[in-house]
1. Are any of the residues in region 150-168 more than 12 Å from the chain's Cα centre (by Cα) and under 18 Å from LYS318 (Cα atoms)?
2. Give me the residue from region 242-283 that is charged (D, E, K, R) and not in a strand (DSSP E or B) and, out of that set, farthest from THR294 (Cα to Cα).
3. Take the residues in region 223-237 that are part of a strand (DSSP E or B) and more than 24 Å from GLN284 (Cα to Cα); name whichever of them is modelled with the lowest pLDDT.
4. In region 124-146, how many are buried (at least 17 other Cβ atoms within 10 Å of the Cβ) and over 19 Å from LEU35 (Cα atoms)?
5. Does region 262-279 contain at least one residue that is over 30 Å from PHE363 (Cα atoms), touching a Phe, Trp or Tyr at 6+ places or on another chain (Cβ under 9 Å), modelled with pLDDT under 95 and loosely packed, with under 13 Cβ neighbours inside 10 Å?
6. Output the residues belonging to region 332-348 that are assigned to a loop (DSSP other than H, G, I, E, B) and either at pLDDT 95 or above or hydrophobic (A, V, I, L, M, F, W, C) (or both).
7. Just checking, how many residues over region 176-192 are free of Cβ contacts under 8 Å to residues at least 40 places away in the same chain and open to solvent by less than 10 Å² (accessible area, probe 1.4 Å)?
8. Quick check, is LYS269 basic (Lys, Arg) and farther than 23 Å from GLU314 by Cβ?
Amino acid sequence: MSKKEQLQAYLQKIKATGNMEDISKSGLSESDKELLGNIWEEGLVDESLEFMEALDEEEDWTVLQERLSGRKVRKLPMPTILKYAAVFIGIVCLGLALKLSLHSDQQPIPGNTITLNTGDAVKTIQEGKKQSIVLASGEVVAVQEGNTLRYDPGNVDHPVFNELHVPYGKVFTLVLSDGTEIQLNSGTHIRYPVKFPHQGNREVTMTGEAYFKVSKNKDHPFIVNSEEMAVQVLGTEFNVTAYEEQSTINTVLVEGSVSLSHKSDPENKTLLEPGNKGSWSKTQATMSVEKVDTLLYTSWINGEIVFRDTPFSELLTKLERAYNVSIVNKNIGMEEKAFNARYNIKVESIEDVLEALKIIAPFGYEINDKGNANTKEIIIN
């Protein structure tokens with residue numbers, strides 16, 4: 001079912017039932033729910049259905065303007081004119097929001113592009129550029145400048161969630177509305193509110209890897225949800241590694257204190273001290289804590305890749321993320337080897353890294369560009 005058909009179906013439900021109960025339990029995005037709620041509250045269900053029925057997604061936006069301007073005109077008292085003027089403006093604004101919503105996923109986005117899903121549209125984040133992030137309702141919620149996206153603490157007073165995706169080969173900085181700064185590593189996806197609620201916790205959900213500098217607020221603990229794990233803090237610095245393909249979820253505490261818990265037993269919390277790494281095993285469903293050198297786990301912020309007794313298979317996975325390449329290992333004898341090394345992706349190319357690794361443990365490799373400079377396939381033999 002297309003976005004247009006989905007919204008039409010829910011508008012028909014609202015018209016038939018006269019309420020929004022079914023909508024609140026639907027799988028629609030928060031922005032779509034908000035849009036339908038505005039249509040219902042303004043009494044514009046029939047007008048919106050009429051507009052959507054006539055909407056040809058291939059035609060220009062002038063279709064809506066022509067439909068509205070083509071209505072018959074009759075003399076009305078001034079208060080009534082003002083009332084209908086408000087309704088007219090409402091239809092135009094809601095129609096524009098519908099238009100933006102329906103077209104949000106029509107243009108294909110390259111896989112190596114940082115993207116921001118605002119609920120009503122998917123926007124591309126072009127590094128080195130500057131742009132304002134505007135919701136379909138017209139509210140400016142954030143500004144992207146270069147490699148940083150910074151949210152405004154005061155523009156939105158209703159629940160709205162955004163989702164940021166950082167592909168392989170990219171890193172990005174996100175500053176939330178409370179001032180919390182998050183460094184996002186390659187292959188990371190994070191969901192968060194554009195503004196945290198006045199009551200309760202400050203919560204985000206992520207997969208991938210991120211370094212958090214949490215703004216202190218003792219009345220509103222900050223919680224990072226990753227799969228079935230939750231990291232709760234008041235104000236601190238820590239690194240979370242929670243890639244879906246990995247067997248463990250790791251939290252490394254740099255400064256302050258955090259507590260780790262699992263959804264199956266949320267009251268059973270594990271406290272970390274600075275310099276500790278807490279690891280949750282997905283396969284064994286157990287938590288372990290050990291003292292570590294935090295620089296080994298946070299050096300990626302500066303563009304470094306550090307290997308300490310790292311199995312070859314894990315090493316290749318990290319290289320794939322950092323350099324946005326696909327690596328196939330056909331050399332079975334290399335799988336058992338472990339490596340100690342340090343490289344900087346800002347200085348050394350993937351070819352430089354492979355040549356250096358060959359000195360430690362000889363192997364051969366081929367690089368296929370596939371006719372696309374952004375996608376390299378590397379065969380280890």
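1. So the first thing to find is which residues in region 150-168 are more than 12 Å from the chain's Cα centre (by Cα), and the list is 150-160, 168.
Of the ones still in play, those that are also under 18 Å from LYS318 (Cα atoms) are 168.
Yes: one or more hits.
2. The first filter runs over region 242-283 and keeps only residues charged (D, E, K, R), leaving 244-245, 255, 263, 265, 267, 269, 273, 277, 282.
Next, from what is left, pick out any that are not in a strand (DSSP E or B): 244-245, 263, 273, 282.
Details: GLU244: 22, GLU245: 22, LYS263: 26, GLU273: 12, LYS282: 22 Å.
Applying the filter and picking the extreme gives LYS263.
3. Going residue by residue through region 223-237, those that are part of a strand (DSSP E or B) are 223-226, 229-233, 237.
From the residues that got through so far, the ones that are more than 24 Å from GLN284 (Cα to Cα) too are 233, 237.
Values: VAL233: 93, GLU237: 96.
Step by step, filter region 223-237, then rank; the result is VAL233.
4. Total satisfying the criteria: 3.
5. no
6. Going through region 332-348, the residues assigned to a loop (DSSP other than H, G, I, E, B) turn out to be 335-337, 345-348.
Of everything in region 332-348, those that are assigned to a loop (DSSP other than H, G, I, E, B) and either at pLDDT 95 or above or hydrophobic (A, V, I, L, M, F, W, C) (or both) turn out to be ILE345, VAL347, GLU348.
7. 6
8. Considered against the rule, which asks whether it is basic (Lys, Arg) and farther than 23 Å from GLU314 by Cβ, LYS269 comes out as yes.
The values are calculated or read from the model by the stated rules, or taken from the named source; none is laboratory data. Bear in mind that the values here come from a model prediction, so they are computed numbers and not experimental data. Cβ: placed from backbone, ideal geometry, glycine included. Neighbour counts: every protein chain shown. The accessibility values were calculated without ligands, DNA or RNA, using every heavy atom of the protein model including side chains. Shrake-Rupley method; radii C 1.70, N 1.55, O 1.52, S 1.80 Å.
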